[in-house]
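One structure is given below, encoded as structure tokens.
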Amino acid sequence: MRRRAICLAGAFLFLGVGMLGSSPVVMALDPSGAEAVDCEQVRGHLDELPLVPCASPVGLCTIAQMNGSIHGDAIFTAATITSSTDFPLTGVVFVTGDTAIEDAQVAGHRGRIAIKNAAAFRTTGGNDLVDVQTIIGGTGDFAGATGSLRISGDFVPGIGGSSTYEGVVCFP
């Protein structure tokens, strides 16, 4: 299926949506008209464990095996942990940091993906976790990559967790 649309308020002019094998592919054009961008819809699962030693200033590092559209080892290092205003009632904290997906593979592309994380985590009950991950580049085929992932799952500090992800990875 091909579709034409202009996103006036957004960052991209979408030229079309189609299929490449069994994977959806989105083609976009920078508003400056500079060059086409190849965007790959991604989704999958990850299992996360604590990582020691940990270089985080707040003592939180993890490693996750990513499966699905993205394959690789995601190494997360927290930069900040901030209690929400309602922490006494909800147990929710906000966590920021950086993830590097080492040996990443997405639709034939290979390299390292660099990500900035902004997560909310409930420290009580089911230990719910949601994380917006912004792709800021990488190495190999991911140099200049953009996009984002939405993570949803659970995480128990010191033990680990399980989550699903979905989003888009764009290649220059």
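The values are calculated or read from the model by the stated rules, or taken from the named source; none is laboratory data. Small disclaimer: the values here were computed from a predicted structure and weren't measured. Cβ placement follows ideal geometry from the backbone for every residue including glycine, while neighbour counts extend to all protein chains displayed.
Scan (1) modelled with pLDDT of 95 or more; (2) in a strand (DSSP E or B); (3) more than 12 Å from the chain's Cα centre (by Cα); (4) crowded, with 17+ Cβ neighbours inside 10 Å for the single condition residue 162 breaks and write down its number.
Of everything listed in (1) modelled with pLDDT of 95 or more; (2) in a strand (DSSP E or B); (3) more than 12 Å from the chain's Cα centre (by Cα); (4) crowded, with 17+ Cβ neighbours inside 10 Å, residue 162 misses just condition (4).
Out of the range 113-158, which residues are among the aliphatic types (A, V, I, L, M) and modelled with pLDDT under 95?
Hit for the range 113-158 is 156, nothing else.
Is it the case, given these coordinates, that residue 79 is in contact with an Asp or Glu (Cβ under 9 Å, 6 or more places away or on another chain), at pLDDT 95 or above and loosely packed, with under 15 Cβ neighbours inside 10 Å?
In short, yes.
Take residue 76 and decide whether it is more than 14 Å from the chain's Cα centre (by Cα) and under 26 Å from residue 145 (Cα atoms).
No; evaluated as a whole, the condition is false for this residue.
With respect to residue 28, determine if the residue is under 18 Å from residue 167 (Cβ atoms) and at pLDDT below 95.
Judged against the criteria, residue 28 is a match.
Within the range 92-106, how many residues turn out to be under 18 Å from residue 73 (Cβ atoms) and surrounded by fewer than 19 Cβ atoms within 10 Å (Cβ to Cβ)?
5
Inspect all residues belonging to the range 129-140 and state whether any of them is under 16 Å from residue 64 (Cα atoms), touching a residue at least 24 places away in the same chain (Cβ under 8 Å), among the small types (Gly, Ala, Ser) and surrounded by fewer than 19 Cβ atoms within 10 Å (Cβ to Cβ).
no
Of everything in the range 64-76, what is surrounded by fewer than 17 Cβ atoms within 10 Å (Cβ to Cβ) and either within 21 Å of residue 54 (Cβ to Cβ) or modelled with pLDDT under 95 (or both)? Give them in sequence order.
Within the range 64-76, 65, 73, 75 qualify.
Would you please name the residue that is farthest from residue 84 (Cα to Cα), looking only at residues in the range 119-147 that are among the β-branched types (Val, Ile, Thr) and not in a strand (DSSP E or B)?
Residue satisfying both the conditions and the ranking: 124.
Out of 49, 89, I need the residue that is in a helix (DSSP H, G or I), of a type in the set (A, V, I, L, M, F, W, C) and surrounded by fewer than 17 Cβ atoms within 10 Å (Cβ to Cβ). Which one?
89
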